[in-house]
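For reference, the structure is listed below as structure tokens.
No value in this document is a laboratory result; all are computed from the given coordinates. For clarity, every value in this text was computed on a predicted model and none was experimentally measured. Cβ: placed from backbone, ideal geometry, glycine included. Neighbour counts: every protein chain shown.
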Amino acid sequence: MKRIILFTFLLCANYMVFAGGYRVALQGNKQLAMGHTGVAVLNSAETVFFNPAGMAFLNNRFSASVGANFIFSNISFQNTEFGWSSEADNPVSTPFNAYVAYQVNDWLSVGLGAYTPYGSSVEYPENWEGSHLIQKIELASIFIQPTVAIKLHDKMSIGGGPIFVTGNVNFNRNLDRSLSDLEGNRSNVTIDKSGINAWGYSLGMLFRPTEKWNIGVNYRSEIEMDAENGSADFQNVPSGLQGQFADGTFNASLPLPAELTVGTSYQINDKWLVAFDFNRVYWDSYDSLNLSFSNGLQSTNPRNYKNSSTYRFGVQYVANDQFTLRGGYYFDESPVQEGYFAPETPRNDSDNFTGGLTFNVNSRFAIDASFLYIHFEEVDASYDYHPESNGQTSSFGGTYKNNAFIPGLSVSYKF
Amino acid sequence: MKRTLYILSSTVLFFACEPEFKNPVDEPGTYTSGDADFSNYVAVGNSLTAGYSDGTVYLQAQKNSYPSIMAKQFSLAGGGNFNQPLVNDNIGGLTLSGQVVSNTRMVLDYSNPASPTPVNLNETPTTNVSDILEGPFNNMGVPGAKIYHLVANGYGNIANFPAAANPYFIRMASNSDASVLEDALEQEPSFFSLWIGNNDILGYATSGGTGTNQTGNLDPQTYGSSDITDPTLFAGIYNSLLEGLTANGAKGAVANLPDITAIPFFTTVPYNAIPMDAATAQQVNQAYAQYNGGLQLAYAGGFISAEELQKRTIQFSAGQNAVVILDETLTDLSALNPEFRNLRQATEEDLILLTTSSVLGTLADPNNPSSVIGVGVPLNDSQVLIDAEVEEVVNAQIAYNTTIAGLADQYNLAYIDTKSKLNQLSNEGIDFNGGIVTNVYASGGGFSLDGVHPTSRGYAILANTFIEAINAKFNANIPVVEPGNYPTVFIK
């Protein structure tokens with residue numbers, strides 16, 4: 001039955017999975033409700049993502065969970081110097097996750113995870129002031145991770161597995177700040193590529209100094225998504241320039257950065273558990289987004305991201321047999337450096353508040369709900385490195401304010 | 001479970017919450033109009049005010065007329081709707097009774113990418129002069145209008161076309177007898193801009209000085225389209241325009257007149273546009289030997305001064321050579337010899353018209369290899385604005401500008417120094433975010449393909465110049481616009 005649920009989710013793959021940014025930390029509603037901690041939490045099959053080694057110590061022989069989140073994200077932009085104001089109308093997106101973990105014997109566990117940790121879905125008004133940087137992006141990836149965990153002894157386990165990634169991208173922007181056809185329709189380009197495949201891996205280790213105290217480490221490798229021979233469609237190009245901007249193909253490459261998590265959890269008593277995680281995301285691999293087109297055009301978009309950290313805190317309270325309540329907070333540091341604040345991922349540091357609960361329908365079947373509110377301070381920022389055809393660079397910026405409301409729902413099953 | 005649903009449904013209420021700024025620019029309070037009131041802005045002027053570009057008026061250019069750009073910014077501080085007499089299309093040009101009376105817009109033809117060529121769009125205009133639009137129009141810019149046209153009744157009467165009526169004003173006049181000023185005043189503007197007088201010198205200049213300098217003649221009824229308007233007449237009408245426009249207490253802005261030497265129509269073709277090798281130069285010199293010899297005799301006979309002898313002596317050499325022109329101000333020597341012509345070679349002080357570039361260096365007579373225009377055949381009066389004519393233009397411009405500056409002061413108006421701005425554009429260029437705008441023809445970004453009127457980017461820079469002066473004068477804080485977001489020349 002779990003298989004069927006999992007399978008159904010994968011079949012629904014003509015969704016628009018991702019949203020809200022580019023790293024989307026929504027890999028399980030139980031853990032999300034606890035501030036998306038989990039590298040040292042032994043709650044459910046969600047550990048397949050959070051720490052593969054955790055499978056070895058799950059209380060049930062079989063655990064599975066399937067969930068999704070609904071991202072309602074907003075970006076407001078304004079520029080006081082010019083009196084501009086625009087709001088991105090981002091489509092609601094629904095990242096999902098599905099995990100199954102099975103203890104084969106007392107030292108070996110196997111599992112499978114499918115989740116969507118990177119993606120973006122942003123849509124600005126047509127021909128808005130920053131339309132030469134982005135009008136619309138849909139970026140999605142699905143990670144599929146077969147996993148094994150080995151219990152080395154009562155206090156330690158290791159786990160890991162290869163990750164198969166399949167992703168797609170669709171991106172549109174105007175060619176520059178003013179080029180149009182004779183009717184004034186702005187010249188623009190849409191690039192599209194689906195079925196971008198790549199491989200990576202996840203490794204984890206869990207150490208249990210006591211029955212109540214867990215320490216976990218998880219490392220997920222960088223995965224380079226190489227889009228080759230995607231389609232490039234140039235629209236509203238003056239006929240005299242159609243040679244220069246001929247439709248064709250494009251190549252580009254986008255890194256999904258490596259991520260290291262260390263964390264700990266402590267079972268205070270039967271009811272209370274607290275957890276802390278520290279994430280380090282190695283964003284410095286994203287130094288430039290370069291596109292090369294079959295018509296000879298090169299597009300260089302410096303990004304110059306820096307490695308960033310996230311500090312997570314979560315708490316769990318078992319109210320009774322039926323209800324478990326969770327809450328959390330995390331501070332998410334932006335990888336964007338000053339002067340590189342591009343409107344396709346206009347993220348500054350954020351405060352994230354989470355909450356949720358589990359309702360146990362019976363001893364095997366449960367429903368998890370979570371809610372995440374992402375709060376960004378308004379920020380004056382700009383992207384200063386947009387190359388112009390004359391060899392100079394132009395700057396685009398103003399004041400940005402984002403927020404996101406993300407409810408989520410899962411079902412889980414264990415025996 | 002119910003609780004879950006409750007939480008979910010209550011959170012749905014939050015999802016529509018757009019993030020709010022502390023000081024939202026799209027709400028009142030961020031920008032203020034100061035002592036001015038932009039609720040009903042009316043712009044009065046000529047082609048520049050109408051948004052004329054690339055040799056005509058077309059929709060895209062109208063959208064980016066400087067008053068339209070300003071009105072959009074004014075709307076952030078109480079500015080109202082800004083109605084323009086829009087044409088039908090992006091083809092440009094006008095028709096009347098099935099005849100094309102004004103040509104289509106100019107675009108760059110890239111069929112040979114190595115040498116993009118300005119061409120008129122090969123389509124038929126669909127804007128008919130006799131289709132009268134329903135006004136009133138905040139943009140009272142009338143292409144071709146000179147200062148005295150603004151107060152001329154019947155300037156919009158189709159029965160007077162083409163002699164004493166303007167096809168653009170015919171389309172927008174409230175009635176056939178109305179003047180431009182009357183239609184502007186009828187709207188009781190709370191704020192106005194006035195930029196007029198350019199054509200009062202430009203008509204003469206772009207004709208190569210074929211018209212008459214009417215200084216001393218106060219009757220515009222007797223003026224031709226290529227004449228220079230008398231500065232006293234100019235001052236009188238300018239004063240009455242401002243009297244009318246400020247009568248109800250309206251604040252406003254006036255702009256002075258830029259130098260013609262700032263615009264590519266007069267600066268693109270150099271005076272020494274003739275490349276030549278030594279052998280050809282020798283041939284040409286032999287052909288002019290008789291003329292030069294005649295000059296020596298005329299000098300020896302005391303008919304011309306040594307200075308004129310030197311000025312008129314024609315001499316070609318290897319390299320770039322000055323163009324041969326006719327100069328009607330030279331001493332007429334035809335009494336000595338009926339074939340003695342008023343020839344000389346151009347100097348830096350003479351301005352060869354942009355339109356001359358299409359004939360310069362070509363054969364006047366295809367069967368006569370020595371009839372190269374600018375070498376064997378001189379440029380005529382309508383192809384070059386000679387130094388003496390430039391001086392007439394400059395003198396009139398100085399007089400007009402003195403009037404405008406004085407009246408701006410007298411009526412307590414914002415004074416927009418477009419002369420300095422366009423000189424900056426032509427001398428060092430004007431920097432903007434990501435580029436620089438210059439007055440280089442076609443590629444400089446400031447001027448459209450007609451060589452006289454700005455591009456949308458050029459108009460954006462002008463709008464900023466207006467806005468800055470208005471802010472300073474009236475303690476307003478209207479935001480400027482980003483020139484880089486406005487187009488330059490269009491490619492076919």
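If I histogram all Cα-Cα distances within region B:100-147 using bins 10 Å wide from 0, what percent of pairs lands in each bin?
19, 33, 30, 15, 4
Report, largest value first, the span of the C-alpha coordinates of chain B along each principal axis, in whole Å.
Principal extents (Cα only, largest first): 111, 56, 46 Å.
Can you give me the Rg/Rh ratio for region B:143-198, using Cα atoms for both radii and the Kirkwood formula for Rh? Numbers along the way, then the final one.
Values: Rg = 11.0 Å, Rh = 11.4 Å.
Rg/Rh: 0.96.
Could you list which residues have their amide H under 5 Å from that of A:ARG23, counting only those 5 or more apart in sequence or on another chain, with H placed in the peptide plane?
Correct list: A:GLY119.
Determine ³J(HN,Hα), in whole Hz, for all residues of region A:33-47 in sequence, where each value follows from phi through the Karplus function 6.51 cos²θ - 1.76 cosθ + 1.60 and θ = phi - 60°; x replaces Gly and Pro.
Using θ = phi - 60°, the values come out as 4, 9, x, 6, 7, x, 5, 10, 10, 10, 10, 6, 5, 4, 5 Hz.
Grab the Cα-Cα distance for B:ASN153 and B:ASN112, subtract it from 0.36 nm times how many residues apart they are, and report the gain in nm with one decimal.
9.9 nm
In Å and on Cα atoms, what radius of gyration and Dmax does chain A show?
That works out to 22.4, 75 Å for Rg and Dmax.
Taking amide H positions as placed 1.01 Å from N in the peptide plane, with prolines and chain starts having none, which residues 5 or more places from A:GLY397, or on another chain, fall under 5 Å of its amide H?
A:TYR383
What 222 nm value per residue comes from the helices of chain A, counting each DSSP H run with n ≥ 4 as -39,500 (n - 2.57) and dividing by all residues, nearest 500 deg cm²/dmol?
Counting only the DSSP helices, I get -1000 deg cm²/dmol.
Just going by the charge dipole of chain B, with Lys and Arg at +1 and Asp and Glu at -1 on Cβ, which of B:TYR288, B:VAL437, B:GLY319 is farthest out on the positive end?
Projecting each Cα onto the dipole axis, the largest value belongs to B:VAL437.
Report the gain in length on full extension from A:ARG61 to A:TRP213: 0.36 nm times residue separation, minus Cα-Cα distance, nm rounded to one decimal.
52.6 nm
In Å and on Cα atoms, what radius of gyration and Dmax does region A:214-266 show?
Both quantities, over Cα of region A:214-266: 21.3, 68 Å.
When the chain is fully extended, how far beyond the present Cα-Cα distance does B:THR331 get from B:TYR411, taking 0.36 nm per residue of separation?
Answer, rounded to one decimal: 24.1 nm.
Amide H to amide H, which residues 5 or more places from B:GLY211 or on other chains are under 5 Å from it, using H placed in the peptide plane?
So B:GLY211 has HN proximity to no qualifying residue.
Counting only the backbone N, which residues of region A:253-286 are under 14 Å from the spot 7 Å out from the Cα of A:LEU325 toward its beta-carbon?
Flagged as within label range: A:271-273.
Taking the Cβ of B:ASP35 as the centre, find all other residues whose Cβ is under 10 Å away and add up their charges (Lys, Arg: +1; Asp, Glu: -1).
That works out to +1.
Separation of region A:331-372 and region B:370-413 by C-alpha centroid, Å?
69 Å
Sort B:95-102, B:380-387, A:343-350 by the packing proxy (mean of other Cβ within 10 Å over each peptide's residues), most packed first.
So the order, starting with the most tightly packed, is A:343-350, B:380-387, B:95-102.
Please work out the ratio of the alpha-carbon Rg of region A:184-339 to 2.2 N^0.38 Å and round it to two decimals.
1.55
Can you work out ³J(HN,Hα) from phi for every residue in region B:357-370, in order, using Karplus 6.51 cos²θ - 1.76 cosθ + 1.60 and θ = phi - 60°, giving whole Hz and x for Gly and Pro?
4, 6, 10, 4, x, 8, 8, 5, 10, x, 8, 10, x, 8
So how many Å³ per residue does the convex hull of the Cα atoms of region A:54-136 work out to? Kindly include the intermediate steps, with their values, before the conclusion.
Working: hull volume 10.3 nm³, N = 83.
Per residue, the Cα convex hull of region A:54-136 comes to 125 Å³.
Counting C-alpha atoms alone, how compact is region A:298-351: give Rg to one decimal and Dmax as a whole number, in angstrom.
Gyration radius and largest Cα-Cα distance of region A:298-351: 18.0, 61 Å.
Pairing the Cα long axis of helix A:2-11 with the longest principal axis of chain A, what angle in degrees results, from 0 to 90 and rounded to the nearest 10?
The two axes meet at around 0 degrees.
Give the separation of the Cα centroids, region A:86-120 to region B:68-125, in Å.
First find each Cα centre; the distance between them is then 55 Å.
Which value in nm describes the separation of the simple spin-label points at A:PHE415 and B:ASP177, placed 7 Å from the Cα toward the beta carbon?
10.0 nm
Once phi is turned into θ = phi - 60°, what whole-Hz ³J(HN,Hα) does the Karplus curve with 6.51, -1.76 and 1.60 give for every residue of region B:409-420, x standing for Gly and Pro?
Per residue, the Karplus-derived 3J(HN,Hα) values read 5, 4, 8, 6, 10, 5, 10, 9, 8, 5, 4, 5 Hz.
Picking from A:VAL379, A:VAL148, A:VAL41, which is most flexible by a Gaussian network model of chain A using Cα springs under 10 Å?
Top of the fluctuation ranking is A:VAL379.
Report the FRET efficiency, 1/(1 + (r/R0)^6), for B:GLU339 and B:GLN315, where r is their Cβ-Cβ distance and R0 is 22 Å, rounded to 0.05.
Efficiency at R0 = 22 Å is approximately 0.65.
At R0 = 56 Å, how high is the FRET efficiency between A:GLU126 and B:ALA289 if r is their beta carbon distance? Nearest 0.05 is fine.
0.25
Mind listing the Cα extents of the protein assembly as shown along all three principal axes, in Å, largest one first?
The Cα atoms of the protein assembly as shown stretch 126, 69, 46 Å along their principal axes.
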